[in-house]
Amino acid sequence: IPDGYYSATDLNYQIQQFCILNNLYCTNASGNYCPQVVVSQGVGALLGLSSGTYPSTSTTTSNQQFISTTTPVISPIDSYILTCNLINSPYTIPSNAFFAIPLNASLGQLVTVNPSQIVFNTIAPNVYSNITIMLYDQLFNPLVLNDKEMTLSLCLLESQDIKNSLGNI
């Protein structure tokens with residue numbers, strides 16, 4: 001199946017077409033197609049099935065349905081975490097994490113965040129020649145971005161300006 005965002009109906013159609021084109025269907029006594037699908041552990045985790053062959057024999061003569069044995073995890077990523085080399089916070093693990101973005105859009109759609117308030121972090125004392133911002137999933141696996149276009153607003157203030165800004169809120 002090509003990379004993409006699919007509904008359950010789309011996935012069903014893709015799998016059926018793949019099976020037909022590759023002669024993976026057998027026919028039962030009535031002449032109906034009777035697929036037998038081998039589910040690997042990785043695909044099983046996505047579908048909520050344990051690894052195995054479904055149905056266990058190819059001589060099935062009736063329609064069969066299989067109920068998930070675990071909770072399906074179609075999209076294992078539910079938020080992005082941003083880290084920055086300037087940050088050294090005693091309140092986060094890792095200490096350079098400064099913002100989490102909940103995913104509120106489907107694959108291929110624009111992810112937007114409207115924070116209810118500005119979050120200020122202290123910059124670790126050091127001399128910096130660059131600012132490095134990294135994106136991770138909620139398990140801190142590095143994200144691979146297919147679409148490199150991003151708009152990110154980063155506000156740097158002197159510590160006195162932060163105190164004045166917080167006093168006006």
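The values are calculated or read from the model by the stated rules, or taken from the named source; none is laboratory data. Bear in mind the structure is a predicted one, so any value in this text is a computation, not a measurement. Here the Cβ positions follow ideal geometry from the backbone for every residue, glycine too, while neighbour counts run over all protein chains shown. In case anyone asks, the SASA skips ligands and DNA or RNA and just uses the protein heavy atoms, side chains included. Shrake-Rupley method; radii C 1.70, N 1.55, O 1.52, S 1.80 Å.
Data for the structure
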item: Rounded accessible area per residue of segment 114-163, 1.4 Å, Å²; result: 91 Å²
item: For the chain, size of Cβ-based charge dipole, Lys and Arg +1, Asp and Glu -1, in debye; result: 220 debye
item: Protein-only accessible surface order, largest first, of C84, C155 at 1.4 Å; result: C155, C84
item: Percent accessible area from carbon and sulfur atoms, the chain, protein chains only, probe 1.4 Å; result: 54 percent
item: Cα-projected label distance for Q109 with L24, points at 7 Å along beta-carbon direction, nm; result: 3.0 nm
item: Förster-model FRET efficiency, 30 Å R0, I1 and I93, C-beta, rounded to 0.05; result: 0.25
item: Hydrodynamic radius by Kirkwood, which averages 1/r over all alpha carbon pairs of segment 77-127, in angstrom; result: 12.6 Å
item: Translational diffusion coefficient (Stokes-Einstein; Kirkwood radius from C-alpha pairs) of the chain at 4 °C, 1.567 mPa s, in µm²/s; result: 63 µm²/s
item: Mean ellipticity per residue at 222 nm, deg cm²/dmol - from DSSP H runs of n ≥ 4 across the chain, formula -39500 (n - 2.57); result: -5000 deg cm²/dmol
item: Most mobile of N121, N88, N23 in a GNM of the chain (Cα contacts under 10 Å); result: N23
item: Contour minus Cα-Cα distance for S79 and N130 (0.36 nm per residue); result: 15.8 nm
